[in-house]
Structures are given as C-alpha cells and as structure tokens.
Amino acid sequence: MLWVTRPRPHLDRTASAWLIRRFVDRDATFAFAPDPEGAGALDGIPFDLRGVELGHHKGRCSFETILHSHGLTDPALHEIAAMVHDADLDDEKFGSPEAPGLDAMIRGLGLVIEDDHELLALADRLYDGLYLWVQRTLP
C-alpha cells in the first residue's frame with residue numbers, strides 16, 4: 001500500500017513510517033503531501049496529517065494511534081511509543097529519559113538529509129536498533 005504523510009518528516013512521522021513498514025505493511029511505500037486533500041489525490045493511506053484517522057487523537061501521537069488501531073501489543077513497541085509521545089508532544093506524560101536524545105537524533109538527521117525517502121530509510125535503521133535495544137532491556 002501507499003502511505004502518505006507530510007513532507008520533511010520529523011520524529012512521529014519517521015517512527016510511524018518505521019512502525020508501518022516493520023509491523024503493519026511490509027510492502028509499504030511512502031509519499032508526501034502537505035494536507036489530507038493532497039494525500040487523497042495520491043490515493044494513499046494518510047497518517048500524521050491533521051484530521052486523519054491515523055493522526056493525533058485522544059492525547060495520543062500518531063505512532064500510538066497506529067499501535068492502537070492495529071492492535072499491536074509488543075511491549076518494546078509500547079516503550080518506543082512512550083519515547084515518541086514524550087518527544088513529539090513534549091508533555092512528559094511517560095517521563096521517558098530517552099525522548100530528548102531520540103528527538104535530537106531525528107532532528108539532526110533532518111538537518112543533513114534533504115531527501116525525505118532517504119531520511120525515512122536511515123531513520124528505519126535507527127529505530128531497528130532502538131527496538132532491539134528496548135527488547136533487551138525489558139524484564
């Protein structure tokens with residue numbers, strides 16, 4: 001399937017794209033549009049766009065919404081969700097000590113990588129490593 005989000009992806013969008021590609025749709029491809037209308041014109045599944053189903057709802061970031069909507073229960077994914085939430089919403093709801101570092105890493109990548117597809121690909125590797133690390137730290 002084609003999944004569509006806003007251009008210049010930051011933390012919630014890069015994490016959500018990784019989550020989609022690794023746990024929801026292994027054959028996912030991504031495109032970018034500035035708004036839901038643009039996403040509709042591409043005939044893709046919109047995420048992290050204002051007012052779409054797979055966006056911010058009920059105090060959740062898009063990553064959390066995708067976890068919830070797809071019934072993903074992996075504890076490591078929920079730990080990453082806490083990091084993404086705290087970094088993206090900046091409300092310290094989960095008190096994730098990793099959130100500021102994750103935010104800094106993704107912001108830094110966005111400063112040196114201009115191509116959005118390249119950014120998603122590189123961020124995927126970062127989230128792959130984070131996922132494995134979190135799995136090993138869980139009881």
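The values are calculated or read from the model by the stated rules, or taken from the named source; none is laboratory data. Fair warning: this is a prediction, and the values are worked out from it, not measured in the lab. Please note: Cβ atoms are built from the backbone with ideal geometry, for glycine as well, and neighbour counts cover all protein chains shown.
ALA39 is checked against (1) of a type outside the set (Ser, Thr, Tyr); (2) more than 14 Å from the chain's Cα centre (by Cα); (3) modelled with pLDDT of 95 or more; (4) closer than 24 Å to GLU114 by Cβ and fails just one. What number does that condition carry?
Among (1) of a type outside the set (Ser, Thr, Tyr); (2) more than 14 Å from the chain's Cα centre (by Cα); (3) modelled with pLDDT of 95 or more; (4) closer than 24 Å to GLU114 by Cβ, the lone unmet condition for ALA39 is (3).
Kindly indicate whether GLU98 is surrounded by 14 or more Cβ atoms within 10 Å (Cβ to Cβ), over 15 Å from the mean Cα position of the chain (by Cα) and over 21 Å from THR5 (Cα atoms).
yes
What do you reckon, is LEU120 surrounded by 15 or more Cβ atoms within 10 Å (Cβ to Cβ), touching a Phe, Trp or Tyr at 6+ places or on another chain (Cβ under 7 Å), within 13 Å of THR5 (Cβ to Cβ) and not hydroxyl-bearing (Ser, Thr, Tyr)?
Against the criterion (surrounded by 15 or more Cβ atoms within 10 Å (Cβ to Cβ), touching a Phe, Trp or Tyr at 6+ places or on another chain (Cβ under 7 Å), within 13 Å of THR5 (Cβ to Cβ) and not hydroxyl-bearing (Ser, Thr, Tyr)), LEU120 qualifies.
If you check every pair at least six apart or on different chains, which have Cβ atoms under 6 Å apart with a residue in segment 25-53 that is closer than 10 Å to THR5 by Cβ first and a residue that is of a type in the set (S, T, N, Q) and modelled with pLDDT of 95 or more second?
Matching pairs, first to second residue: PHE47/THR5; PHE47/SER16; PHE47/SER62; ASP48/THR5; ASP48/SER16; ASP48/SER62.
In this structure, does LEU72 turn out to be surrounded by 14 or more Cβ atoms within 10 Å (Cβ to Cβ) and either modelled with pLDDT of 95 or more or touching a helix residue (DSSP H, G or I) at 6+ places or on another chain (Cβ under 9 Å) (or both)?
yes
Conditions tested, residue by residue: (1) touching a Lys or Arg at 6+ places or on another chain (Cβ under 7 Å); (2) in a helix (DSSP H, G or I); (3) small (Gly, Ala, Ser).
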{"residue": "ALA76", "(1), (2), (3)": "no, yes, yes"}
{"residue": "LEU102", "(1), (2), (3)": "no, yes, no"}
{"residue": "GLY110", "(1), (2), (3)": "yes, yes, yes"}
{"residue": "ALA121", "(1), (2), (3)": "no, yes, yes"}
{"residue": "ASP124", "(1), (2), (3)": "yes, yes, no"}
{"residue": "VAL134", "(1), (2), (3)": "no, yes, no"}
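Within segment 24-32, can one find any residue that is surrounded by 15 or more Cβ atoms within 10 Å (Cβ to Cβ), part of a loop (DSSP other than H, G, I, E, B) and either touching a Pro at 6+ places or on another chain (Cβ under 6 Å) or among the aromatic types (Phe, Trp, Tyr) (or both)?
no
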